[in-house]
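Trainee: Sharing a structure, written as structure tokens. Questions coming.
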Amino acid sequence: MATPPPATTPFSTALVTGANRGLGLEFVRQLLAAGSHVVATAREPGKANALNGLVAEHPGRLHVLPLDVAEARSRAELVRELPLVIGEAGRIDLLLLNAGVLHAGERFGHLDQAQLEHSVRTNAIGPLLLTQALAPWLAEGARVVAMSSRLGSMACTTRFGTPGYAISKAALNMVVAQLVHALEPQRAVVVAVSPGWARTDMGGPDADVDPVQAVAGLLREAAGLDNGDSGRFFDWKGEAVPW
């Protein structure tokens, strides 16, 4: 991987999905601190109190738009509204595919088809179709960063657990592999990343990674990517994660 530029180097315009809490919210905070213009999405923006508080702190540089990544109509509405906030000539140079779902309590013998399908729609199909819809708005050389997980690594699987999440994240890794080729004409750099077990609402209080540290590391790595890195899967320290 290329040597990362200083952490203060901003992406000009970033779009972050699932930005109402956890890692998504922290990505927004750090991108704003670095000087980026940020488009942040949430399923229910009216309830995203912390995110809306950042709008007041960064007037003109943060726009919050509604998005349920699993719903076609919602994706289409985001694309329709995007030029209203970044301008007709505006382009996204960092797309953070962070929105995701983890259904707790899944047990073999009691798996629910609807939950499994929802996991795949939200964690894999939604990011793929959203990226397809946003492709005309990606800058040449844009970074597309998909929030995957070690739980989606077949090589790292040692037990039965969170099957909907694990299966959908493994599918997301294939989404990344496909998008590498689909976005090659735009010289986009597409990667899958693992933030580690971070202390968020999803990860829980016993997790071992500070979300601030994880996000800082991932942004540092994203800023240092070049075209030779497209298709990689790595963690917040820049270390390769096995597929």
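The values are calculated or read from the model by the stated rules, or taken from the named source; none is laboratory data. A quick note: this is a predicted structure, and the numbers were derived from the prediction, not measured. Ideal geometry is used to build each Cβ from the backbone, glycine not excepted, and the neighbour counts take in all protein chains shown. What goes into the accessible areas is simple: the full protein's heavy atoms, side chains included, and nothing from ligands, DNA or RNA. Shrake-Rupley method; radii C 1.70, N 1.55, O 1.52, S 1.80 Å.
Trainee: Looking at Leu111, Leu129, Leu138, Leu116, which is the one that is modelled with pLDDT of 95 or more, in contact with a Leu (Cβ under 7 Å, 6 or more places away or on another chain) and over 23 Å from Asp235 (Cβ atoms)?
Mentor: It is Leu138.
Trainee: For the structure I just gave you, tell me whether Arg73 is of a type in the set (D, E, K, R), outside any loop (DSSP other than H, G, I, E, B) and over 23 Å from Val191 (Cα atoms).
Mentor: Yes, satisfied.
Trainee: State whether the residues of the range 111-119 include one that is surrounded by 19 or more Cβ atoms within 10 Å (Cβ to Cβ) and not in a strand (DSSP E or B). Steps first, please.
Mentor: First pass over the range 111-119, keeping only residues surrounded by 19 or more Cβ atoms within 10 Å (Cβ to Cβ): 119.
Right, trim to not in a strand (DSSP E or B) and you get 119.
Scanning the range 111-119 turns up at least one residue that is surrounded by 19 or more Cβ atoms within 10 Å (Cβ to Cβ) and not in a strand (DSSP E or B).
Trainee: Name the single residue that is most open to solvent (accessible area, probe 1.4 Å) among those in the range 142-163 being touching a helix residue (DSSP H, G or I) at 6+ places or on another chain (Cβ under 8 Å) and in contact (Cβ under 8 Å) with a residue 60 or more places away in the chain.
Mentor: Restricting to residues being touching a helix residue (DSSP H, G or I) at 6+ places or on another chain (Cβ under 8 Å) and in contact (Cβ under 8 Å) with a residue 60 or more places away in the chain, the top hit is Met154.
Trainee: Considering only the range 217-243, how many residues are among the hydrophobic types (A, V, I, L, M, F, W, C) and surrounded by fewer than 16 Cβ atoms within 10 Å (Cβ to Cβ)? Give the steps one after another, and end with the answer.
Mentor: Taking the range 217-243 as the starting set, the residues that turn out to be among the hydrophobic types (A, V, I, L, M, F, W, C) are 218-219, 222-223, 225, 233-234, 236, 240-241, 243.
Going one step further and asking which of them are surrounded by fewer than 16 Cβ atoms within 10 Å (Cβ to Cβ), we end up with 240, 243.
The total comes to 2.
Trainee: Of the residues Ala76, Ala50, Ala99, which is touching a residue at least 24 places away in the same chain (Cβ under 8 Å), under 14 Å from Gly24 (Cα atoms), of a type in the set (Gly, Ala, Ser) and surrounded by fewer than 18 Cβ atoms within 10 Å (Cβ to Cβ)?
Mentor: On the way: Ala76 fails: under 14 Å from Gly24 (Cα atoms); Ala99 fails: surrounded by fewer than 18 Cβ atoms within 10 Å (Cβ to Cβ).
Among Ala76, Ala50, Ala99, only Ala50 is touching a residue at least 24 places away in the same chain (Cβ under 8 Å), under 14 Å from Gly24 (Cα atoms), of a type in the set (Gly, Ala, Ser) and surrounded by fewer than 18 Cβ atoms within 10 Å (Cβ to Cβ).
Trainee: On to the next question. Looking at Leu84, Leu94, Leu130, which is the one that is in a helix (DSSP H, G or I) and crowded, with 19+ Cβ neighbours inside 10 Å?
Mentor: The match here is Leu130.
Trainee: Just to be sure I understand, how many residues within the range 179-202 are of a type outside the set (S, T, N, Q), open to solvent by 20 Å² or more (accessible area, probe 1.4 Å) and at pLDDT below 55?
Mentor: Selection size over the range 179-202: 2.
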